[in-house]
Each structure stands twice: as structure tokens, then as C-alpha cells.
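I have placed the structure first, in the form of C-alpha cells, so that the comments after it can refer back to it.
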Amino acid sequence: MIRTRFAPSPTGFLHIGGARTALFAWAYARHHAGRFILRIEDTDLVRSTPEAVQAILDGMHWLGLTHDEGPFYQTQRMSRYREVIEEMLLAGSAYPCYMTPAELDHLREEQRAAGLKPRYDGRWRPEPGKTLPTPPAGMRPVIRFRNPTDGVVAWDDLVKGRIEIANEELDDLVIARADGTPTYNFCVVVDDRDMGITHVIRGDDHVNNTPRQINILQALGAQLPLYAHLSMILGDDGQKLSKRHGAVSVMQYDDEGYLPEAVLNYLARLGWSHGDDEIFSMPQFCEWFDLDHITPSAAQFNTEKLNWLNAYYLKRTETARLADLVRPRLQARGVTVAAAPSLAAIIDLYKERAANLNELADLAEVFYIELHPKAELLAKHLTPETLPALEDFIDHLPEVAWEASAIGALIKASVARHGLKMPKLAMPLRVMLTGLEQTPSVDAVVALFPRETVLKRLAVAR
RNA sequence: GUCCCCAUCGUCUAGAGGCCCAGGACACUACCCUUUCACGGUAGGUACCGGGGUUCGAAUCCCCGUGGGGACGCCA
């Protein structure tokens, strides 16, 4: 049974890189009919917040990435971590260290100055025949893992291939702080083992943690999971995403009018491929997804392509669902959605032209507000040349059958009677009715409105 | 600085030695459609980081260089 997990730390919202990691871990479990586990890594009491937990849950929910187990919270597993630390202390694979943070800083500075890799020097590490310093009175030690000193740690990464790191490069990491709370690399190991994780699918930035985690797992006599490290996602400008640079919450895409299926489809294609296929539903994605077609190199986010996908999905989404999504956006703007014209009818006509839900709301809004077309637009299209045809059209409006084809015929007739071309009447009608120069077929737009509203909006011509 | 990773059109990518003087998609350009603008359709331009090997043959394998990224915490 394949078991994957997504293990974010609740120090902020769910951003686009985290969302892709979650998507891949989720899809891998789905593909193999396995289980997908959500685990909140909140051992950093200072930086974790309940708001961030909620933001992550909201993001996962919006994307529809449902978990089969969890969410588990590391803060609720403290007794378990303490238990394992006791075991390790007893077995000699961990030991107390009384070095102060200030001493450590000093050591690291010296090492850096000497061109060395900063690392703990093992002064409190017990060795056969070695005399340890006397522990300072009244000081609580941290607990360090006794990392092997020679040999190499190697694993076959499912994305990057074989990676080997010499144990000489690794130092004895802290697994429990002076206050007794366990640290990340240790909790991950205990949790992944306890939760039976078979495939650790996570960001590239964890590659360097992997050998440490493997060493701890081995000290514990645990079976190793398989690892797949996903490369990072860069911003639109090729720069690294960070809190102050473009790392937007997935919920911001909701705010900006993107459909979750478009975001998902876009993310799926960022770093993974299935031949030349570009468009696929989530069931299709889960069926196709595998770890063999993930690129090991970093990918740059491209908003234009996301926009294209969003427009694609918008065009194919049922009108009723779009109306449900657009209505609250209009209401949030203080626009009252009247019964006529019906929002569904408007969306039906306009959904082909919008790239996102907010644009759709922009286009629909003009049907419900008191309209004041811009003076320069009126001046541009309401010329002395067009006026007679327009008046002709208005005069015949009261008796025309209220449907696009009849209205279209009337426009053609009015235009013909005054020896003009179609746009000479279509353009002023567009501007007077919607305030815009670009609309769908003008007869269809006229037909959307109640007859009285059209007469009212065209009255400005006289 | 040390260690690790990465490298095909502007961008996302196909490519697992001959099918590739490199294919698809977004973006771009032109044309068609047209009641404006979109949509849609058709056509087009643009890429294997550099140098050495290996091989009858390399985008694909190896080495070096260059460039980019990540990690070096009592953060995750």
C-alpha cells in the first residue's frame, strides 16, 4: 500500500510551490489507490499560528486535495517524541550537549573564517576512552544525534537519481532543544515511520536533510521510505519566490478569479509531463501521474499560460456554476443582481470572452448598475451621420419581437434605410447600452435587457 | 567558503544513441472568420550553455569548464 504525505509548517499560507508538492503527493497516492496523509509540522511554537493552519486547510480544500488521514499535529505527539529520545539516549545513538548558543556561534564564525563548512565539533560526543567535560551546574542540555563519522549515505532519488553524501559532511544535529521540544529532522523521521509513509515527496530544499534523516532512521532500525525531491518553482521573473517576492497564497488565485481546476492543471504541467498533453481533468491526471516524468530542474511560473488555461476552462464550465461563482463577486462590489436580465443569460453570452471570474463580473456588472457611458465614447460614436439611423431604430423598438434575430433584422433595416454600414449603428448601441466598445453580437446584447431598460438607456441620444 | 543539485525555443516541456538540420503548448507575427473586440481556424519565426572525449553515429553516455539554484540553525 502506497502512503504519501504532505507536511507543511503552519507559518504562513499555502503558496504555489507547496500546493504543487501537495498535488503530486496526493496524485501519487490516488494513482496507486494508496493513502494521502496530511500532517501539520508545528513544532516551532513561536512561529506556528492557528490562522496559518486554517489558511493551509482552506487552500487544500479549495484545490480539492482531500486527505485520507489526519490532519495530524506534531504538537500533539510530544510524548511519543520524548519516548523515542529516551530510547536513543539509552541506546547511545543520542547524547546531551551543554554547549551554549553563544559558544556555537563563535565556533561557526571561526570555521567560516577558515573557509570550512560550519558544523558542531563534537566536544560533548561520548567516545570510548574520551573524558567528557563536566556539565555546567543548573544548565539544561540539548540532545544531539550521534551521526556516523565515516562512510557515505546514499539513496536513489525518484526524481534526481542517485545521490551520495559523505558522513564527514554531516555533524551531530540537535534533535531536542534545551526546553525539551524536539526539532524538525527528528519529528519527521519518527512521524514518517509511525505513519508508515512509503514515499516521501517533498521540495528540493530537503535534499540536504535526507542523509541526516536516513541516519536517524537507521539508528532506529526503521525501514527507509523512498524519496522524491521536487525542484522549486521560480517566480514569473525567474527569481526565487519568497514572502516578499511573489509567493502568493493559492487563495489569492481564488480572489483573482481563477478556477481551481485551471490552477491544478497548470501546476500539474509545471515539472511533470505526459507527452504533448496540456489539458487534463484531475481524474485523468491521477491516472497518468507517475514519478518518472518529473523534471529535475527548476520551473518558472508563467502567468500567461495560467490565464490561457483559465479562459479555456471558463469557456467550458456550465453556466449555472459560473453564475454561482460570479454572483457573490458582484454582491461584494455592492452590485444588486436583478432578476432581469438573468445573470445566467449574461454569462452564457459572455463566458467565451472572459479570462477569469472577475472579468466576467466586470462584464456582467454593466447590466445591473445605473450606467453613465463616458462622454468621449458617446461623442465618438454618436455622430450626426449615425443619429438618423439610431432614431429610426428607437422608433421601431416598441413593436419589435423581443429576440436577437428580430432585433438584428431591425438594426439591419434601420441602417439600410439611411445608407449606412452595420457598425455605424452597432457601435453607438454598444456604448449607450454597456458603456463599452467591445461586446458580443449587439443584437444579442440588446435582447438580454428588458425592453424598457433599452429604451431608457437609448434616451440619452435625444 | 564547503557540500549537494540543475542546464532543449522568451516560458512550460517532448526527447531514455540513429525515428530530431529537434516535436507540442503559452506568448509573438501574418492571414482567415467577423457587427466591434475577443473566441476559433490556418500559416510562420525562435532552442539542444561551451569545450573535450566514447561511438560508424550524441540533444541523449563520460569528463572538465561556465552559469543558475539549494543547504550548511536549539527554523521547517
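Of A:240/A:374; A:351/A:374; A:424/A:456, which pairs sit farther than 32 Å apart, going by alpha carbon to alpha carbon?
Those over the limit are A:240/A:374.
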Let me check something: with ligands and nucleic acids excluded, how do A:155, A:288 order by accessible area (1.4 Å probe), largest to smallest? A:288, A:155
Residue-ordered couplings for segment A:143-149, obtained by feeding phi - 60° into the Karplus form 6.51 cos²θ - 1.76 cosθ + 1.60 and rounding to whole Hz (Gly and Pro as x), are 10, 10, 7, 8, 7, x, 9
Helix A:303-316: angle to the longest alpha-carbon principal axis of chain A, degrees 0 to 90, nearest 10? 60
Taking every pair of alpha-carbon atoms in segment A:375-461, what share in percent sits in each 10 Å bin, from 0 to the bin with the longest distance? 18, 60, 22, 0
Result for chain A: accessible area per residue, probe 1.4 angstrom, in square angstrom, of 47
Using r as the Cβ-Cβ distance of residue A:47 and residue A:441, and R0 as 45 Å, what FRET efficiency do you calculate, to the nearest 0.05? 0.20
Segment A:125-162 versus segment A:4-63: alpha-carbon centroid distance in Å: 30
Reciprocal mean inverse distance between Cα atoms of segment A:319-365 - Kirkwood radius, Å: 10.3
In degrees between 0 and 90, to the nearest 10, how far off the longest principal axis of chain A does helix A:387-396 point, with axes built from Cα atoms? 80
The answer for residue A:234, listing residues at least 5 apart or on another chain whose modeled amide H is closer than 5 Å to its amide H, is A:299, A:300, A:301
Please give the net charge around residue A:230, taking every other residue with its beta carbon less than 12 angstrom from that of residue A:230, where Lys and Arg add +1 and Asp and Glu add -1. 0
Under a plain spin-label model, where a point goes 7 Å from the Cα along Cα-to-Cβ, how far apart in nm are residue A:236 and residue A:358? 1.1
Tell me, what does the Kirkwood hydrodynamic radius of segment A:133-185 come to in angstroms if you use every pair of distinct C-alpha atoms? 13.6
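Given a 1.4 Å probe and every protein chain left where it sits, what share in percent of the accessible area of chain A is carbon and sulfur?
53
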Other-chain or far-sequence residues with amide H under 5 Å of residue A:183's (modelled H): A:176, A:177
Degrees, to the nearest 10: A:16-31 long Cα axis against longest axis of chain A: 80
Using only Cα atoms, locate the centre of segment A:225-295 and the centre of segment A:354-410, then give the distance between them in Å, rounded to an integer. 42
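Counting DSSP beta bridges with both partners in chain A, what percentage is antiparallel, nearest 5?
In chain A, approximately 50 percent of DSSP beta bridges are antiparallel ones.
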Sorted from largest down, what three extents in whole angstroms do the Cα atoms of segment A:2-107 have along their principal axes? 47, 29, 25
The extension gain from residue A:318 to residue A:208, computed as 0.36 nm times the residue separation minus the Cα-Cα distance, is 34.9 nm
Net charge within 14 Å of residue A:116 by Cβ-Cβ distance, Lys/Arg positive one each and Asp/Glu negative one each, not counting residue A:116 itself? -2
Whether segment A:243-315 is rounded, prolate or oblate, judged on the alpha carbon gyration tensor where a/c under 1.5 counts as rounded: oblate
Out of every Cα-Cα pair in chain A, what percent are more than 39 Å apart? 44
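The values are calculated or read from the model by the stated rules, or taken from the named source; none is laboratory data. Keep in mind that this is a model prediction, so the values were computed, not measured. Neighbour counts are summed over all protein chains in view; Cβ atoms, including those assigned to glycine, are modelled from backbone coordinates with ideal geometry. Surface accessibility is based on the protein's heavy atoms, side chains included, excluding ligands, DNA and RNA. Shrake-Rupley method; radii C 1.70, N 1.55, O 1.52, S 1.80 Å.
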